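Q: Next up is a structure, given as structure tokens.
The values are calculated or read from the model by the stated rules, or taken from the named source; none is laboratory data. Keep in mind that this is a model prediction, so the values were computed, not measured. FYI the Cβ positions are ideal-geometry reconstructions off the backbone, even for glycines, and counts take in every protein chain you see.
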Amino acid sequence: MEERQYLSRVRAFLEEKGWEYEYTEEDGLGSIDFSYRGVPYHIWEFEENGERGAETNLYHGGRQQEVLGDYEEELIREMKRW
């Protein structure tokens, strides 16, 4: 059985950029905390009704927003705009 790599594409992007981050995993879901230009950001995976997604403040530093579907690609696309 293949082991799932939680938020692996997001972590690879952060490492490519050289941005430090903290990664944790709990109950089969990943969580990333990092800072960019002094602003703290969070990405939390969740599963609801059989659908995976992520909750993040990448779009609005002070507000959380849910991202569904290919959320890793969407999150990376947003960080590339910075």
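Q: Which of the residues belonging to the stretch 26-82 are of a type outside the set (D, E, K, R), crowded, with 17+ Cβ neighbours inside 10 Å and out of contact with any helix residue (DSSP H, G or I) (no Cβ under 7 Å at 6 or more places or on another chain)?
A: Once the filter is applied, which keeps residues that are of a type outside the set (D, E, K, R), crowded, with 17+ Cβ neighbours inside 10 Å and out of contact with any helix residue (DSSP H, G or I) (no Cβ under 7 Å at 6 or more places or on another chain), the stretch 26-82 yields G30, S31, Y41, W44, Y71.
Q: Just to be sure I understand the filter: pairs with C-beta atoms under 7 Å, separated by 6 or more residues or on different chains, first member in the stretch 56-70 and under 13 Å from F46 (Cα atoms) and in contact (Cβ under 8 Å) with a residue 12 or more places away in the chain, second member in a strand (DSSP E or B) and among the hydrophobic types (A, V, I, L, M, F, W, C). Which pairs pass?
A: Here the result reads T56/I43; T56/V67; V67/A54, each pair linking the stretch 56-70 to a residue that is in a strand (DSSP E or B) and among the hydrophobic types (A, V, I, L, M, F, W, C).
Q: Working only within the stretch 4-43, note down all residues that are more than 16 Å from N57 (Cα to Cα) and of a type in the set (V, I, T).
A: Across the stretch 4-43, the qualifying residue is only T24.
Q: While we're on this one: Under 6 Å by Cβ, and 6 or more places apart or on different chains, what pairs join a residue from the stretch 27-41 that is closer than 13 Å to R11 by Cα with one that is of a type in the set (D, E)?
A: Filtered contacts from the stretch 27-41: G30/E45; D33/E22.
Q: Are any residues in the stretch 37-82 over 13 Å from the mean Cα position of the chain (by Cα), aromatic (F, W, Y) and assigned to a strand (DSSP E or B), and if so, which ones?
A: Across the stretch 37-82, there are no qualifying residues.
Q: Regarding the stretch 3-21, can at least one residue be identified that is in a strand (DSSP E or B), out of contact with any Cys (no Cβ under 7 Å at 6 or more places or on another chain) and either modelled with pLDDT of 95 or more or surrounded by 10 or more Cβ atoms within 10 Å (Cβ to Cβ) (or both)? Can you show your working first?
A: Quick first cut of the stretch 3-21, residues in a strand (DSSP E or B) only: 21.
From the residues that got through so far, the ones that are out of contact with any Cys (no Cβ under 7 Å at 6 or more places or on another chain) too are 21.
Still in the running and either modelled with pLDDT of 95 or more or surrounded by 10 or more Cβ atoms within 10 Å (Cβ to Cβ) (or both): 21.
Among the residues of the stretch 3-21, at least one is in a strand (DSSP E or B), out of contact with any Cys (no Cβ under 7 Å at 6 or more places or on another chain) and either modelled with pLDDT of 95 or more or surrounded by 10 or more Cβ atoms within 10 Å (Cβ to Cβ) (or both), which makes the answer yes.
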